[in-house]
Amino acid sequence: MNIKHLEHFIGLTDTGSFSRAADKLFITQSALSRSIQNLEQELGGKLLDRIGKRNILTPLGEEVARRARQIIQGTASLKLSAKLFQQGSGGKIRVGLGSGPGALLMTPLLCHIAVHRPHVQTTITRGSTELQLMQLRARQLDALVVDARRVVPAEDLHIEFLAELRAGFVCRKDHPLAQLRSISLEDLLAYPVASTPLADEVARIIIERYGPEANPKSMTTLECEDITSLIETIHRTDAIFLGIVAAARTGIKDGKLVELRVKPALNASAQFAYVTLAGSTEAPIMTFFRNFVAEHLAD
């Protein structure tokens, strides 16, 4: 069915006159008459009774007019949605964030979307990398920003390196260890250690640096995927945070948290990657998301 025929019919019903409708639609009266006739032939019935100079809708015409308005409005809405989608001002963001990226990106992203891109539907999921990879493969998510070391390369995944963020030990400013110039592993282990689940490679680096007593599986007493909760815990207690220092940067900047001077220095980092399904077409709004991540995921 030609949408133009419906638009012409609605133009006629709105004005009640072929001449006025033709002027409004910027076509000739004969072209408008042919358009209405074609629509009547396609629908198999008369839409108008021509009584004198008046054009009265038939029962079929009344039903077609009602449905045609819905179709025209829906078409206009679809065109607007497509335009916003192509401009990156509409569409959906469905992403999974690992613990580190979640702490650094989630609130800034939601605030930006709410203020600058209110037509974008945004869904952020948190959880283990393994679960998020399952959701990505099931096309429940469009992209992941996660610890690269926890993603096993596969033919169906496109893994793009994003950033490397330095790791360290952080505590509240009035912690008993905060004023020491040199802190040993023994000093650290006198207090609870809070961390996210660490990749095996990171655990190996820590053990090589400090010895078997530093094995995260035994050293970590408070383990959680949510870094925000871990940071809040070290604000309130004597627990020590082991993870990316950037996650604590607000507290450090405000003078409420400090990075501990552990000897030898940790010299470890977290490597983050942008993971999508190989060969999948990226929506324009996801280009914005990729750029946003690159800008905000930094030490």
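The values are calculated or read from the model by the stated rules, or taken from the named source; none is laboratory data. Note that the structure is predicted; figures quoted are calculated from it, not measured. No Cβ is skipped: glycine too gets one built from the backbone with ideal geometry, and neighbour counts run over all protein chains shown. Areas reflect the complete protein model, heavy atoms only, side chains present, ligands, DNA and RNA absent. Shrake-Rupley method; radii C 1.70, N 1.55, O 1.52, S 1.80 Å.
Leaving out ligands and nucleic acids, and using a 1.4 Å probe, what accessible area per residue does the chain come to in Å²? Each step should come with its number before you reach the end.
Values: 16140 Å² over 299 residues.
Averaged over the residues of the chain, the accessible area is 54 Å².
Between residue 189 and residue 1, what's the calculated FRET efficiency when r is the beta-carbon distance and R0 is 51 Å? Round to 0.05. Walk me through the numbers on the way to the answer.
Values: r = 75 Å, r/R0 = 1.47.
So the FRET efficiency works out to roughly 0.10.
Based on the Cβ-Cβ distance from residue 19 to residue 78, what FRET efficiency comes out when R0 is 35 Å, to the nearest 0.05? Don't jump to the answer; show the numbers that get you there.
Values: r = 31 Å, r/R0 = 0.90.
That pair, residue 19 with residue 78, gives E of 0.65.
Could you work out how far the C-alpha centroid of segment 149-203 sits from that of segment 234-299, in angstrom?
If we compute the Cα centre of each part, the gap is 11 Å.
If each residue of separation counts as 0.36 nm, what is the full-extension length gain between residue 60 and residue 250 once their alpha-carbon separation is subtracted?
Values: separation 190, 0.36 × 190 = 68.40 nm, distance 6.67 nm.
Between residue 60 and residue 250, full extension yields 61.7 nm more.
Give me the net charge for the shell around residue 251: Cβ to Cβ below 13 angstrom, other residues only, Lys and Arg +1, Asp and Glu -1. Walk me through the intermediate numbers first.
Details: positive: 172, 173, 236, 249, 253, 256; negative: 174, 232, 254, 259.
Residues near residue 251 contribute +2 overall.
Rounded to two decimals, what ratio of Rg to Rh does segment 120-160 give with C-alpha atoms and a Kirkwood Rh?
Values: Rg = 10.3 Å, Rh = 11.0 Å.
Here the Rg-to-Rh quotient is 0.94.
Taking the Cα centre of the chain as origin, sum charge times position over the Cβ atoms of Lys and Arg (+1) and Asp and Glu (-1), and report the length of that vector in debye to the nearest 20.
Numbers: 35 positive and 32 negative charges, 288 e Å.
Value, rounded to 20: 1380 debye.
Give the carbon-plus-sulfur fraction of the accessible surface of the chain in %, rounded to a whole number; probe 1.4 Å, heavy atoms of protein chains only.
Values: 8350 of 16140 Å².
The value for the chain is 52 percent carbon and sulfur by accessible area.
Residue 64: net charge of surrounding residues, Cβ under 15 Å, Lys/Arg +1, Asp/Glu -1, itself excluded?
Details: positive: 4, 46, 66, 67, 69; negative: 7, 14, 40, 42, 49, 62, 63.
Charge balance near residue 64 sits at -2.
Once you have a ≥ b ≥ c as the square roots of the Cα gyration tensor eigenvalues for segment 189-299, tell me rounded if a/c is under 1.5, and otherwise prolate or oblate according to whether a/b is larger than b/c.
Details: a/c = 2.32, a/b = 1.59, b/c = 1.46.
It comes out prolate by the Cα gyration axes.
Work the Kirkwood hydrodynamic radius out for the chain: mean of 1/r over every pair of different alpha-carbon atoms, inverted, in Å.
On the way: mean 1/r = 0.0421 Å⁻¹.
Here the Kirkwood hydrodynamic radius works out to 23.8 Å.
Show me 252-264, 51-63, 285-297 ranked by packing, highest mean number of other Cβ atoms within 10 Å first. Walk me through the numbers on the way to the answer.
Working: 252-264: 14.8, 51-63: 13.2, 285-297: 17.2.
Output ranking for 252-264, 51-63, 285-297: 285-297, 252-264, 51-63.
Could you run the Karplus curve 6.51 cos²θ - 1.76 cosθ + 1.60 with θ = phi - 60° over segment 20-26 and give me ³J(HN,Hα) per residue in whole Hz, x for Gly and Pro?
Whole-Hz 3J(HN,Hα) from phi for segment 20-26: 5, 5, 4, 4, 5, 8, 6.
Once you put a point 7 Å from the Cα of residue 282 and another 7 Å from the Cα of residue 128, both along the Cβ direction, what distance in nm separates them?
Rounded to a tenth, the inter-label distance reads 2.9 nm.
Could you work out how much longer the chain between residue 115 and residue 41 gets when fully extended? Use 0.36 nm per residue separation minus the Cα distance between them, nm to one decimal. Kindly include the intermediate steps, with their values, before the conclusion.
Working: separation 74, 0.36 × 74 = 26.64 nm, distance 4.99 nm.
Gain in length upon complete extension: 21.7 nm.
Explain nothing, just the number: dipole magnitude of segment 105-222 about its Cα centre with +1 on each Lys and Arg Cβ and -1 on each Asp and Glu Cβ, in debye rounded to the nearest 20. Present the calculation step by step, with values, prior to reporting the outcome.
On the way: 13 positive and 14 negative charges, 80 e Å.
Using Cβ point charges on Lys, Arg, Asp and Glu, segment 105-222 gives about 380 debye.
Hey, how much of the P(r) for segment 178-234 falls beyond 13 Å, as a percent of Cα pairs?
Working: 1015 of 1596 pairs.
Tail fraction, whole percent: 64.
With each run of n ≥ 4 DSSP H residues scored as -39500 (n - 2.57), what mean residue ellipticity at 222 nm is computed for the chain after dividing by its residue count and rounding to the nearest 500 deg cm²/dmol? Intermediate values should be presented prior to the final figure.
Working: 12 runs with 139 residues, N = 299.
That comes out to -14500 deg cm²/dmol.
Between residue 236 and residue 207, what is the label-to-label distance in nm when each label sits 7 Å out along the Cα-to-Cβ direction?
That separation, rounded to one decimal, is 3.3 nm.
Residues with beta-carbon under 13 Å from that of residue 11, excluding residue 11: net charge, scoring Lys, Arg +1 and Asp, Glu -1?
Here the charged neighbours net out to +1.
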